[in-house]
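Beneath this line is the structure, given in structure tokens, with notes to follow.
The values are calculated or read from the model by the stated rules, or taken from the named source; none is laboratory data. Quick caveat: nothing in here was measured; it's all calculated off a predicted structure. Using ideal geometry, Cβ is built from the backbone for each residue, glycine included, and neighbour counts are taken over all protein chains shown.
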């Protein structure tokens, strides 16, 4: 396998599973050429004249879609760990004796551990998509026969749009749908809020199958997925396990350490003037992030400041801010709790977005660019502010990229992270895997100090006299190592088990096999 | 010019302005090949990082879009006869000395008579799109240097999607927009309800310019046009003349003849069982059509029947039915009055659609297929039920096709038309121009009798014993001729001034020069 050093000095493959790959060239440096993927021209003559595309079973839909060896099957992860569809899809493929499928989910979850048997027996050749849990571990141990490819939400849209990944059959599980194929995630037992992660699939896949347990008469309104892109619809008893799709309620962290991180983050945003009339923010739905939202809310109330918009993942804290008039709009990519789903269904100011509107880099701009403050996590950060979100310090690939890379294009990117986890420092000379280049990461907030990227002279100026514990990132690293010692490097083999794509489709890094 | 007889026996050109054209082969017979048009891959690196795409003037936007000789400039007609943008666009083209532009509007109106000077001096080479009024007359007299091409709303989407028409610059006037390019027609002084006729343009044009007189801070919600497809935004003083965009209020016809037609139509739908629980209909917004809606409403009330959906053009009568719970949903393509605009802005059951969802034939089905009853007009009908909507009996091309062809795919198509207009019979042996094949037209309702297409044996059966004045279409023709005499044929030259496309891009007929 040919490897080449990319601009960040990482050795990356120039070919992935037989196709040419371009090493990362720097932010905004790679200029794409050519044209987007063009769908075959279809004709209504080949579809039922009464608009009823419903077939009796998932198996029938797969057979009618022409399922065969070597195809690419895509799916979305709005059902998260409650998905009941994709295991069935590959059970059917196995039953039909189909081999060598590429699974292209927007993310996979522990519930998909069931599929390891199909990676073993060749039904599935490999997975391109985030792998949380057992599938990540399986991949890390070098057991998958081809290379995994991880992309951000926007990168996945870009890859499909640009024809980098051609989807043969897209499976779209939906809370509600009609027989024509219009679908949404707003209603039904398996409501997931929205279905945006399946948008590219619906637009570009050769065949599209919508599966629901709540089939309503045409029209299913709103149509987050447009039936005009759908080939077959299927009604099943149950598409998902509701309690694993969205939380009943999300909770702010109770950990004093994390609350401290959140408070410092909010204070930083306040003293630097980032929280101002008409500003915008995206915090996410982890316990720390929720706490940041809550601190923002307090500061905004005190100062009588209103935000123009917040980007979701939505949750009850954001919804409360929307309902109390502290935010004009929530632009939401996924709902994390029942308040999020309810609000999206009933409030036109709680607007659903998609990886196309928010994150696609091969577009004419996207919403992520317009966000003033974004709060993100990381497993590791290096002294050049490069950060990792996919592997742990033991080398295991256990997380997806999600919208993380895409959000780095926001105006100010802040990572509130503990200085160490389980006595392993989080700041180091070199991260295990670079997922985001340091030039886009502005601030690291730790419980023992805040490091500002030297590129952000404006922020360095703005904190002067604030009393905030500003340190260099090197100082933070030294402090962590003084307490915990220098961490061991993970023991990795030569085999590349996964490529990490940047938002423009170039390869920013790769993940190597873990040697136990 | 090579001509070929199509399946309806009409001589049509096999080449239009230098490009190959396929003669109509019959409904559902033409199988398209190849792939949809693929947009150049763009990158956010080439767009402002703060999302602000606003430039100082329409002229600057056109120059930055690279306006040059021979380009295709597209526009939508949601502003109808109140459009103030497109005349300016071509004034600028003239000023810049650009020549040979193809104008590709979804429709043009009398307000665009201003452009005849540019057809004369070569700034504009020709128009592809509906031409209402002076431009139609100009074209009919053989004065346009190239052939016009008329398409239905769905056919226009199909032509753009399939790359039959490549748009260089799309101009999208909008009631409201943000600097990123998100736009809608719901708010602002020039609210037009929706912007669906510009959807294909926004998705497929090389450069997209959004022009508004109501620029709001990001985000403009909802985004009927997605800013991610937009290159430049412009704020002007005034995009349109509100009173010419939507009526203050639409009115049911007061003509006793037309009221009779409407009543007979409604009665026909009632006695044939077409009006039934959960049915759907599309009536349009002409005076007769409004009266049909109103009669439907009365019948539905009497029988306690609810419709699942009505397709717009919306108007106060449909809105009232929606608000009173007689209809579950309005699926709207354009709003014809202020009640329509208001309802669409405030009622989630008043849903906006587009030529993609409703009318595109090169899709995987569309909404028009799913409508039970559609009420349409026609200028002429022949004894085989073939109908004309674009030319008058004097041969002049004075109307566009609109959604008319697309609506023919609905389950029952009814044309309530007077048996003669100005003492010229409307039913004849051969229409001036065939826009829709008779096999799709089910019923002709005239004040002197109702003709049912022999293909619809079910309807012929259903009216038995109803007392309705059922006649053959030949009988209706004979009756008209007995009163008015056999009409003269228009005097036409050999020159083909316009091609009429069918929904699949084939040529169903053409329009010849009128000799005065």
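Do we have any residue at all in the stretch B:250-266 that's within 14 Å of chain A (Cβ to nearest Cβ), crowded, with 18+ Cβ neighbours inside 10 Å and touching a helix residue (DSSP H, G or I) at 6+ places or on another chain (Cβ under 9 Å)?
Within the stretch B:250-266, none of the residues are within 14 Å of chain A (Cβ to nearest Cβ), crowded, with 18+ Cβ neighbours inside 10 Å and touching a helix residue (DSSP H, G or I) at 6+ places or on another chain (Cβ under 9 Å).
Going by the conditions given, is residue B:202 within 12 Å of chain A (Cβ to nearest Cβ), under 28 Å from residue B:315 (Cβ atoms) and touching a helix residue (DSSP H, G or I) at 6+ places or on another chain (Cβ under 7 Å)?
yes
Could you please let me know if residue A:51 is more than 25 Å from residue B:42 (Cα to Cα) and away from every other protein chain (no Cβ under 14 Å)?
For residue A:51, the condition - more than 25 Å from residue B:42 (Cα to Cα) and away from every other protein chain (no Cβ under 14 Å) - is not met.
Of all residues in the stretch A:211-239, which are within 12 Å of another protein chain (Cβ to nearest Cβ) and closer than 24 Å to residue A:350 by Cβ?
The answer is A:216, A:219, A:220, A:221, A:222, A:223, A:225, A:226, A:227.
Kindly indicate whether any position in the stretch A:270-291 is modelled with pLDDT of 95 or more, in contact with a strand residue (DSSP E or B) (Cβ under 9 Å, 6 or more places away or on another chain), surrounded by fewer than 24 Cβ atoms within 10 Å (Cβ to Cβ) and more than 26 Å from residue A:357 (Cα to Cα).
Yes, some residue in the stretch A:270-291 is modelled with pLDDT of 95 or more, in contact with a strand residue (DSSP E or B) (Cβ under 9 Å, 6 or more places away or on another chain), surrounded by fewer than 24 Cβ atoms within 10 Å (Cβ to Cβ) and more than 26 Å from residue A:357 (Cα to Cα).
Looking at residue B:24 and the list (1) within 14 Å of chain A (Cβ to nearest Cβ); (2) closer than 24 Å to residue B:168 by Cα; (3) out of contact with any helix residue (DSSP H, G or I) (no Cβ under 7 Å at 6 or more places or on another chain), which single condition is not satisfied?
Of everything listed in (1) within 14 Å of chain A (Cβ to nearest Cβ); (2) closer than 24 Å to residue B:168 by Cα; (3) out of contact with any helix residue (DSSP H, G or I) (no Cβ under 7 Å at 6 or more places or on another chain), residue B:24 misses just condition (2).
So that you can scan it fast, the table gives a plain yes or no per residue for (1) surrounded by 22 or more Cβ atoms within 10 Å (Cβ to Cβ); (2) touching a helix residue (DSSP H, G or I) at 6+ places or on another chain (Cβ under 9 Å); (3) farther than 29 Å from residue A:40 by Cβ:
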{"residue": "B:123", "(1), (2), (3)": "yes, yes, yes"}
{"residue": "B:157", "(1), (2), (3)": "yes, yes, no"}
{"residue": "B:169", "(1), (2), (3)": "yes, yes, no"}
{"residue": "B:176", "(1), (2), (3)": "yes, no, yes"}
{"residue": "B:208", "(1), (2), (3)": "yes, yes, no"}
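What's the number of the only condition in (1) within 17 Å of residue A:51 (Cα to Cα); (2) within 12 Å of another protein chain (Cβ to nearest Cβ); (3) crowded, with 23+ Cβ neighbours inside 10 Å that residue B:374 fails to meet?
(2)
Starting from the stretch A:51-67, keep only residues that are at positive phi, then list their pairs with residues that are in a helix (DSSP H, G or I) whose Cβ atoms are within a distance under 7 Å, requiring at least 6 positions of separation or different chains.
A:51/B:369; A:51/B:370
With the structure loaded, tell me whether residue B:162 is buried (at least 24 other Cβ atoms within 10 Å of the Cβ), within 14 Å of chain A (Cβ to nearest Cβ), within 30 Å of residue A:367 (Cα to Cα) and modelled with pLDDT of 95 or more or whether it fails that test.
No; evaluated as a whole, the condition is false for this residue.
Quick one: would you say residue B:196 is at pLDDT 95 or above, within 21 Å of residue B:63 (Cβ to Cβ) and buried (at least 24 other Cβ atoms within 10 Å of the Cβ)?
When the stated conditions are applied, residue B:196 does not pass them.
Checking residue B:504 against (1) in contact with a strand residue (DSSP E or B) (Cβ under 8 Å, 6 or more places away or on another chain); (2) closer than 28 Å to residue B:2 by Cβ; (3) surrounded by 18 or more Cβ atoms within 10 Å (Cβ to Cβ), only one condition comes out false. Which one?
(1)
Does the stretch B:483-496 contain at least one residue that is in contact with a strand residue (DSSP E or B) (Cβ under 6 Å, 6 or more places away or on another chain) and under 30 Å from residue B:36 (Cβ atoms)?
Within the stretch B:483-496 (the criterion being in contact with a strand residue (DSSP E or B) (Cβ under 6 Å, 6 or more places away or on another chain) and under 30 Å from residue B:36 (Cβ atoms)), the answer is yes, since at least one residue qualifies.
Consider the stretch B:96-148. How many of its residues are farther than 23 Å from residue B:394 by Cα and without any contact (Cβ under 8 Å) to a residue 24 or more places away in the chain?
4
Can you report the number of residues in the stretch B:1-14 which are under 16 Å from residue B:145 (Cβ atoms) and surrounded by fewer than 17 Cβ atoms within 10 Å (Cβ to Cβ)?
1
Please give the strands (runs of 3 or more DSSP E) falling wholly within the stretch A:1-106 in which 2 or more residues are assigned by TED's automatic domain parsing to the domain that holds residue A:220.
A:72-75, A:101-105
Do we have residue B:34 as at positive phi and more than 14 Å from every other protein chain (Cβ to nearest Cβ) here?
Answer is no for this residue.
I'm trying to understand the selection: among the residues of the stretch A:333-351, which are within 30 Å of residue B:206 (Cβ to Cβ) and within 10 Å of another protein chain (Cβ to nearest Cβ)?
The answer is A:351, and nothing else.
So if I check each of A:458, A:478, A:442, which one is assigned by TED's automatic domain parsing to the domain that holds residue A:412, surrounded by fewer than 17 Cβ atoms within 10 Å (Cβ to Cβ) and closer than 14 Å to residue A:381 by Cα?
Every option except A:478 fails the conditions.
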